[in-house]
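Report on the structure given below.
The values are calculated or read from the model by the stated rules, or taken from the named source; none is laboratory data. These numbers come from a predicted model, not from an experiment. Glycine gets a Cβ as well: all are built from the backbone with ideal geometry, and neighbour counts include every protein chain shown. Surface accessibility is based on the protein's heavy atoms, side chains included, excluding ligands, DNA and RNA. Shrake-Rupley method; radii C 1.70, N 1.55, O 1.52, S 1.80 Å.
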Amino acid sequence: MNGKQVYQVKYFDYAATCPLDQEAAEVYVKAASSYYGNSSSLHDAGDQAHELLEYSRAQFACFFGVSKDGVYFTSGGSEGNFLGIQTLLSSKLKKGKHIITGAAEHSSVLNTMDKLRESGWDITKLSFAPDGRINLADFLNVIREDTVLVSIQHANPEIGTLQPIEEIGRVCQEHRILFHSDCVQSFGKVNLVPVARSVDSLTISGHKFYGPKGVGAVYLNPELRWDPYVPGTTHEGGFRPGTVNVPGIAAMAVAAEKAVGGWEVYEKHYRTLREAFLKSLNPILAKCTLYKADLPSTVGMRINGLEGQLIMNEANQRGFAISTGSACQVSQQAPAKTMVALGVEGKAAKEFIRITFGRETEMEDVRQLGDALVKIVGENL
């Protein structure tokens, strides 16, 4: 801790990361101390680690409703998105150099697309309709004969909308286009089985659902033939190099089981909190722009005339941790990607703030945050 005092804040940034579930933490320690062998080693210690690894793989296959032959473990969402996209490109169903993606994708996807463009790929980025979703007619209009891959995020991390993945998947199948979806924000919050059956690859990340940081999973359609991105890779069936993080994977599986098994209960909790939070904003609602969300745990909004950075700092001084958008870009103080995708420009785009709830969020915390925002607006407008 470097001698710094750790103080308790009221946390409203669960879309950025979650605290580690206590039971998952205990499983991590147990696995790290008792199943410490390299899962690729041929001795008994390696066999024990391998058995735990494969048990966890079967659990995630069940969560996705897929064959465990298509489940691979990674270091998290960013690596999973990169490898998922690159792996699909190695197994494309037809010739072509055209890819379609969303304008508000996670930076790991957009950065991969920028790199692919430098290598000669043609990238089309789709903006959002006013409801925060990709318009299917717009999607159909940009499909070309040489379109080989689509990458569309399932749940938007800033306003909480869900994209029509099943419909997009049907279109991709009709046009022999491979389909990747970043499901980092939706796993454990909705039923992902229909989504997994509509895509060729998807990505999740453990710390978004109370698992450890530095571990994630990718589902890759086992019927596809593909080449390892790093030649000669043997770990995870050639999907990624490096010793497999068996303790982290086992802990992530425990957290995932809780998230998948209880998402309907948590959803009701978040809806109640959301209603109370919006009610607490009544004195300033006329000055707010609120964005509709499919995920009730996410509240994306703008307070007209106030920069999100100012509101975040003021809230932080009062003991509330909120955000101005995806944690992978806020340090750049750039407008939230979702605002840009929605066509919100200039100063208005920098007004965005995001409040996200977790299992630990209590009603009184929500009311206190609402009261704090009302005071902040009163003091600065």
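Here's the picture: a label point sits 7 Å out from the Cα of Lys347 along the beta-carbon direction, and within the range 272-307 the residues with their amide nitrogen under 16 Å of it are 287-289, 302-307.
Using a/c under 1.5 as the rounded threshold, could you call the range 1-143 rounded, prolate or oblate? The axes a ≥ b ≥ c are square roots of the C-alpha gyration tensor eigenvalues, and prolate needs a/b larger than b/c, oblate otherwise.
Details: a/c = 2.34, a/b = 1.43, b/c = 1.64.
It is oblate, given that a/c is not under 1.5 and a/b is not larger than b/c.
3J(HN,Hα) along the range 156-165: 6, x, 9, 10, x, 7, 10, 7, x, 4 Hz, from the Karplus curve 6.51 cos²θ - 1.76 cosθ + 1.60 with θ = phi - 60°, whole Hz, x for Gly and Pro. Potential lengthening of the chain between Val193 and Val340 amounts to 49.9 nm, from the contour at 0.36 nm per residue minus the alpha-carbon distance.
Of all beta bridges that DSSP places with both ends in the chain, some 50 percent have antiparallel geometry. In order along the range 41-55, the phi-based Karplus estimate (6.51 cos²θ - 1.76 cosθ + 1.60, θ = phi - 60°) of 3J(HN,Hα) comes to 6, 9, 7, 4, 5, x, 4, 5, 5, 5, 5, 5, 4, 5, 4 Hz; Gly and Pro are listed as x. Could you pull out the longest piece of the chain with no exposed loop chymotrypsin sites (Phe, Trp or Tyr not before Pro) in it, calling a site exposed if DSSP puts it outside H, G, I, E, B and it has at most 13 other Cβ atoms within 10 Å? Between exposed loop sites, the widest span is 37-381. Summarising the label geometry, the points placed 7 Å from Cα in the beta-carbon direction at Arg170 and Lys292 lie 2.1 nm from one another.
As a length-normalised measure over Cα pairs under 8 Å and 6 or more apart, the relative contact order of the range 94-236 settles at 18 percent.
How large a share of the accessible area of the chain, in percent, is made up of carbon and sulfur atoms when the probe is 1.4 Å and the other protein chains stay in place? Before the final figure, lay out each step's value.
Values: 8430 of 16970 Å².
After summing per-atom areas, the C and S share lands at 50 percent.
Among Ala250, Ala155, Ala286, the largest mean-square fluctuation in a Gaussian network model of the chain (Cα springs under 10 Å) belongs to Ala286. Against the chain, whose longest principal axis is taken from its Cα atoms, helix 107-118 shows a tilt of about 60°.
Our estimate of slack between Ser90 and Asn282, defined as 0.36 nm per intervening residue step minus the Cα-Cα distance, is 63.8 nm. Stretching Arg318 away from Glu23 to a fully extended chain increases their span by 103.1 nm, per 0.36 nm per residue minus the current alpha-carbon distance.
To the nearest 0.05, what FRET efficiency results for Glu364 and Glu54 with a Förster distance of 51 Å applied to their C-beta separation? Let's see the in-between values first.
On the way: r = 45 Å, r/R0 = 0.87.
Step by step, r from the Cβ atoms, then E = 0.70.
How would you classify the chain from its alpha-carbon gyration tensor, with a ≥ b ≥ c the square roots of the eigenvalues: rounded for a/c under 1.5, else prolate if a/b is greater than b/c, otherwise oblate?
Details: a/c = 2.03, a/b = 1.25, b/c = 1.62.
Since a/c reaches 1.5 but b/c is at least a/b, the shape of the chain is classed as oblate.
Using C-alpha pairs under 8 Å with a sequence gap of at least 6, the mean separation divided by the residue count of the range 23-182 gives a relative contact order of 19 percent. Rolling a 1.4 Å probe over the protein heavy atoms gives the chain an accessible area of 45 Å² per residue. Taking all Cα pairs closer than 8 Å and separated by 6 or more residues, the relative contact order of the chain comes to 23 percent.
Taking every DSSP helix (H) stretch of at least 4 residues in the chain, weighting each as -39,500 (n - 2.57) and dividing the sum by the residue count yields a mean residue ellipticity at 222 nm of -12500 deg cm²/dmol. Applied to the range 120-137, the Karplus parametrisation 6.51 cos²θ - 1.76 cosθ + 1.60 on θ = phi - 60° returns per-residue 3J(HN,Hα) values of x, 7, 9, 10, 10, 10, 9, 7, 9, 6, x, 7, x, 10, 6, 6, 4, 5 Hz, with x for Gly and Pro. With the Cα gyration tensor of the range 146-250 giving a ≥ b ≥ c as the square roots of its eigenvalues, does the rule (a/c under 1.5 for rounded; else a/b larger than b/c for prolate; else oblate) give rounded, prolate or oblate? Oblate is the answer for the range 146-250, as a/c is 1.5 or above yet b/c matches or exceeds a/b.
Checked against a 24 Å cut-off, the cross-linked pairs Lys189/Lys347; Lys258/Lys279; Lys189/Lys213; Lys68/Lys208 give Cα-Cα distances beyond that limit for Lys189/Lys347; Lys258/Lys279.
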